[in-house]
Each structure stands twice: as C-alpha cells, then as structure tokens.
1. Can you find, within region A:226-245, the residue that is surrounded by the fewest Cβ atoms within 10 Å (Cβ to Cβ) among those that are free of Cβ contacts under 8 Å to residues at least 12 places away in the same chain and within 16 Å of A:E39 (Cβ to Cβ)?
2. Checking A:V99 against (1) touching a Leu at 6+ places or on another chain (Cβ under 6 Å); (2) farther than 30 Å from B:P470 by Cα: exactly one of these is not met. Which one?
3. For region B:187-214, how many residues are touching a Ser or Thr at 6+ places or on another chain (Cβ under 7 Å) and farther than 14 Å from B:E274 by Cβ?
4. I'm trying to understand the selection: among the residues of region B:247-273, which are within 14 Å of chain A (Cβ to nearest Cβ), surrounded by fewer than 24 Cβ atoms within 10 Å (Cβ to Cβ) and farther than 18 Å from B:M457 by Cα?
5. B:T284 versus (1) within 14 Å of chain A (Cβ to nearest Cβ); (2) under 17 Å from the mean Cα position of the chain (by Cα); (3) more than 21 Å from B:E189 (Cβ to Cβ): which is the lone unmet condition?
6. Might you let me know whether region A:182-201 holds any residue that is at pLDDT 90 or above and of a type in the set (F, W, Y)?
7. What residue, among those in region A:220-232 that are facing chain B (nearest Cβ under 7 Å) and in a helix (DSSP H, G or I), is modelled with the lowest pLDDT?
8. Return a yes/no flag: does region B:213-225 have any residue that is within 14 Å of another protein chain (Cβ to nearest Cβ), of a type in the set (S, T, Y) and surrounded by 22 or more Cβ atoms within 10 Å (Cβ to Cβ).
Amino acid sequence: MEKIRFQRSQLCIPYGLFLVCFVLAPLIVIIYYAFTNGEGQFTLENLIGFFSSPNTIGTLAYSFGIAVATTCTCLMLAYPIAYILARSNMKHKSVILMVFVMPMWINFTLRITALKEILTMVEGNLAYHPFLNTLIGMTYDFLPFMILPIYTTLLKLDGSLLEAAADLGADTVQTFLKVTLPLSVPGIISGIVMVFLPSMTNYVVLDMLYNSTYIMGSLIGAYFSAYDWHNGSMIALILLVIILVFTLLTNRYADQDAGSSRGGVLG
Amino acid sequence: MAKIGNSRALAVLSAFAVCSFLSGTVYAREEPIILRVCSWEEYIDLGEWDEEEAIALDNGTVIFGERPLYEEFEDWYRETYGREVRVEYSCFGTNEDLYNQLNMGDTYDLVCPSEYMIMKLMAEDRLLPYSDSFYDTDNANNFYINNVSPFIQETLESNEIGGESWSKYAAGYMWGITGVLYNPELVTEEEASTWEIFGNPKFHRQITLKDNVRDSYFAALGILKADELTDENFIHSVDYHDKLADVMNDVSPETIEQAQELLDELMGNVYSLETDSGKADMITGKIVANYQWSGDAVYAMDQADEDDFELRFAVPKESTNLWFDGWVMLKSGIDDNADRQHAAEAFVNFVSRTDNAVRNMYYIGYTSSIAGNKEDDTIYEYMNWCYGADEEEEDIMEYPVGYFFSGDNSDENYILQSTGSQMGRQLYSQYPPQDVMERTAIMRYFDEDANKAINQMWINVRCFDIADVPTVVWMALLAGLLVLVWMGYRRSKRR
C-alpha cells in the first residue's frame, strides 16, 4: 500500500480556500456594491457623495481624531511602562507585566461597563465629555496591545550596545535618544498599527459610553440597516484603502528606520 | 473505570438508537409539517416557571408556564388535528434585520414584525392573506378571532394598503404606545407630558432619546407641530384621527429638513441616544427622564419598585405613537402548501388562547392584543390580578377599559377597581385610558424616496459635521504638518 504523501504546497490549500471564501469573495461583493447604484448600473456617485458631504467627511475626521488621540495616549502611557519593565532588574517582571495585560482576559463589554460606572462616579454626568470618555475607554481597551510589542523589542535589545554608548561618553539621556529609542521603533510601529486601526471603527465603546456621534464603523451599519448596501460598501471600501495606505506607510517607515538606525549605531 | 464509562456510553447510545428507531416508525406514516417561525428575541413565553410563579386568577384559572409555548403548540396540534408539526423557532433583532434576512434568501412561514414592516411587506405583495376559516367565529379553536380585542381588530380593519385592510394579512400580537418615563422627584407630570421635554434646558444632559429614526422623528414631529396638534379646533374636528395620522406621517422635504435642524438641536441637550440602556440608567439615576415604549416602561417601573424608587410614565399631550407587532404569513415560506398554512394559522390561534396570552404578557411585559370574550374573562382577570384594588383599600379608583375589551368604554363589566396610585403607573402604561388612546397615531411605512430622505436625515444628525471641528484643532494640525515638513527638510539636507 502506498503511503499518501503530502507536498508542502498542498498544506496551503485550506488556507487558500479560506482566503478565497472569506476574504476575496466578500471583497469582490463590496467592490461591486460600492460602484453600482440601486439599478445595478456602474456609478461613481457613492464615491463622490462621500467626499462631498460635510457629514461623511466629518465622520472620517472624527474617527481619525479618536484614533490619533487614542494612539498617542497609548504610546505615551505604554512606552515608559514597557521601558521600566524591560530595563529594570525587578524579580517579578513577568508578574507586573501580567497585571497590565490581565484586563485583556476579561470580556471587553464587561470592562467598559465597569469603566462607565467609574467614570460616572468621577465626572457625575458622562454626557458633557463624550470625546474624553471615548478616549479613556479606547485607551483602556487597547493599552495592552501597545505595551506588549514595545516590551518585547526592548527586551531583545542588546545590553552591550548601551554599555558601549556609555563607554563612549554618552549620558543616560543621550543613550536613550540615540540608541534605545531608534532601536525600539519597530515595536512602536507594530503597536501603533495594532491600536490605530481598530480604534477607528470600534463603535461599541462609543455606544456604551453614551457618545452618540457616528464613527466609520457605525456609519456603515447605519447605511446597511437602511438597506443602502451601495453607500455602506463604499465607506467600507474607503476605510479599507485608508488602512492599506496606512499599513504600507508604516511598513516602509519601519524598514527604513530600523536599517538606518542600526547603521548609525554600528557604523 | 474506563470500561464502566464506555459501557455506560454504549448504553446511552443504544437507548438513543432505539428511541430514534421508535419515533422513526411512528412518524414514518406521515411526514411532520415543518413550521418556520421567526419573531423578536424573548418574545414568547419559554416556560420553566417556578412553582410559586403560578398565577391563580379569581375566575379559577391557574396559569403556569411549563415548557416553551412553541413546543406546547406541537402537542396541542397533534391532539387537536391529529397531525405532527414541528416548529423551527428563530429570532430576529430588528425589523430591518428581518427584512434583510428575507431578501438574502431565508425562508420563514410565519413572522412577527412591527406595523410598518407589515405594511412594507404587504405593499411588496409578499404576504399571504389568512384563510376565510381563520375568521370563522363558530369554530371554538379559532382563538384569535374569538379573543382579539375589538379595539385592535378595528384598527387593523380601518387601515389599508393598496385598498386592502391590514386585518386580512395580519393578526395582532403585542401592542403599545410611546411616551416619557420620568422620575417624579425631579420632573413634574406636566413637564413630562410633552415631546418638548427633550429640548427643555432644565434637563440638560439628563434625558435620553431613542436610537432609531422612526421614534426620534415622531418626537420631532410632535415638537414641530405642537401648536397645531394641541389646538382645540383641531382636536375637536370631525375627522381628527385622519388629520392626526396625516400630521404625524408628514414626510415632506421641508418637514424633514426642519426635523433635522430640530434633532440637531436636541442632540445638544440630551444625555444620549439609547435602545436598551435607558431603563437601567433611569433606575440608577443617571438620567431623570427617557423616551420609552409602554412595555419597557412597565418593566422599568417594576424594577424600580423593587428598589423602593418611584418612576412614572407620561404620554405627551401632542400625540403618541400606537405601534403593534403582528403575525403575518409569508408567501415565499408557505409556498401554497395548505397543510403548512393550516399549521401557521393554528399557531396564531394557539398563542391567542387567553391563558397563553397571559403567559406571554407575564413573560414579556408588553400588552397582548388578545382581550378574551364574554365567556372567557381570563385576560381581564389577569389585569385585575395585577392591578386590582383590595376592597378595604382607600383611594379606590374606577378605571374603565371597555374600549379594549368590548369596544364600549362605558361597559360596566370592564371598569376595573384599582387604586389611584396606578394613574401614571403600570396600569396606565399597559392599558392607557381612552382619552390617551384618542391621540394615538400609527406611523406608516414611508415610500422609498421618503424613506431614503428620512434615513439620510438621521445619518446627518448622527454624523460629526466637519464645520464643528474647533479652530484649535485645525491650528494644531497645521502646526503638526509644519513640524513634519521641517523634519523632512532637515533629514534630506543631512543626507
């Protein structure tokens, strides 16, 4: 009896099938709907409509604003934590890291509900600061995604480089700015990607924290529930393009920067 | 140990095999009818009541939910008509979801959408009319036509789509009105009895609107047309109801535009928009008033009572939205299958049996369209069980509900002896008095253009206007851009 032998490339078949069914096919459907109107004819009206309405552009800006603010806040909170954790000689490093990551183990709606109650206690009336509340909620939700990649890059950082910098007369600030920071850029970039993109569409946080303004995710939902597949698909597509451009940019920047900074240190 | 486990598993397996073999032989004679029912979530009694939950009514009937109603229907159908039926019961989240599901090819035989979706489905010729035998009052098993409230039946008969009255296609299930749930310590009844409360600066950021376009648009119309709606001449005109319905269904472009402006303004005053969280927020005191459906208002008041906290329900003086959900049969599902249609109609009849209607009301908290009849006063007795006053109690109030039970509000058989404290409370919300019912208007389904306009209006209200970006942000952006350009410049220079 001959043994059935798998070729390595055959192992890709399930993944390929998955890609076609759940990525490619839906994408084609979205593109079809985005560029057609109710009668099924080709049209650019949806595209033009999106960029000519102050409301949809405003929603894009608002989503962007939330995403940028969340990413910046996460970065500013996460970097010192990751740095201290990675560089220090604490005995129970992993335990402390776990404390920061542990909230991820709890269901996120539950966490936001708890946060809602705490914020109400602090602020009294949540309706006065919808943007701030959203920012707090999003930061709470996404902080671990920023800490982990930065922590990992900093942990892998070669200690001899720092010693060399010190030997050559750099003080702590200089060492940090010229050695540690440039070398941790890849971690920062992947942190940014992991926080920025989801925070542009995560409208559940807004809903739960009583922010009734639409962001991109809820806008798509609003069009779909009004049976308007065409405009909804167009917005989904625009979001996709934005994400694509963003990812390409960050990738390129990460490669370039990692290369140049390494060259700088070693050369 | 492992061996015992194995043999036990084997025993269970073989038991299953025997069972399925036996049942197979029983059913083999006749294929069971498959009835695909789709309704709102938590919208039918699922049984499994605790012993002490049993409701003993004064007329001797004891109501007890043992198993889900749709399962009990299977037994009842077998006993009554001698045929097997199997109900495949599923749920939908919103009317729009249901509509989208139908368009994407899901087939159901019997669904329970709200009035405007029924109108839409009717207009699209997707519904099957009930058979003549369904309306035969001589058949004792026709619980629906024998028990439906004359008020509901008249409403269904008097509303038409394309020249055909709704009553041919729809059987009422639950109904209610909309109003304002409020905290009487901080809000007076007068303040709550108008849609204008949502723009009242006194409750700035302490009141919630509903997160759906139809309800919010209704409130906006109530404010925009307040002068006309509360005008004595208008109220006492002969064709008041028709006029009222027209006003509350005004979707002219000018009105939609005005509504958008108004809703924009209201958004600056309300706490938030909600669909579900409002009840809890009322009880925890985050907000002092909220737009509420009567059924949910009853639920919230019950919950608050448990915490010794009083909430009340007011119906705006301008007008209130009469809504109902009804059972309709879909052509695509029934597909000219007489057996299936019979089972679907029997299902509607079964849930319209008075004891089952009580079970549903008890479980869901909404008001059933079923009223009973002269011989069967179970529904009225249930109301008495819920809200009737003991004889020795002071503050006894006569509360006529004849309009619902017999069509005549002065009917002495249907004047409930309740306590005065029930005014503006659960009884008032569940069976509003006739003067409130006078100012109800049904919100129709809007044609495609109007629907599109009104949805777009709502999206505009909800979206962030680019013009609202504060100057500081623009300046910060500009500064950031300049820094980036400068950095890029320095970098290129260094190379």
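The values are calculated or read from the model by the stated rules, or taken from the named source; none is laboratory data. Because the structure is predicted, anything quoted here is derived from the model rather than measured. Note that we place each Cβ from the backbone using ideal geometry, even for glycine, and neighbour counts take in every protein chain shown.
1. Of everything passing the filter in region A:226-245, A:Y227 is surrounded by the fewest Cβ atoms within 10 Å (Cβ to Cβ).
2. (1)
3. 0
4. B:N269
5. Just one mismatch for B:T284, condition (2).
6. For region A:182-201, residues at pLDDT 90 or above and of a type in the set (F, W, Y): present.
7. A:S225
8. yes
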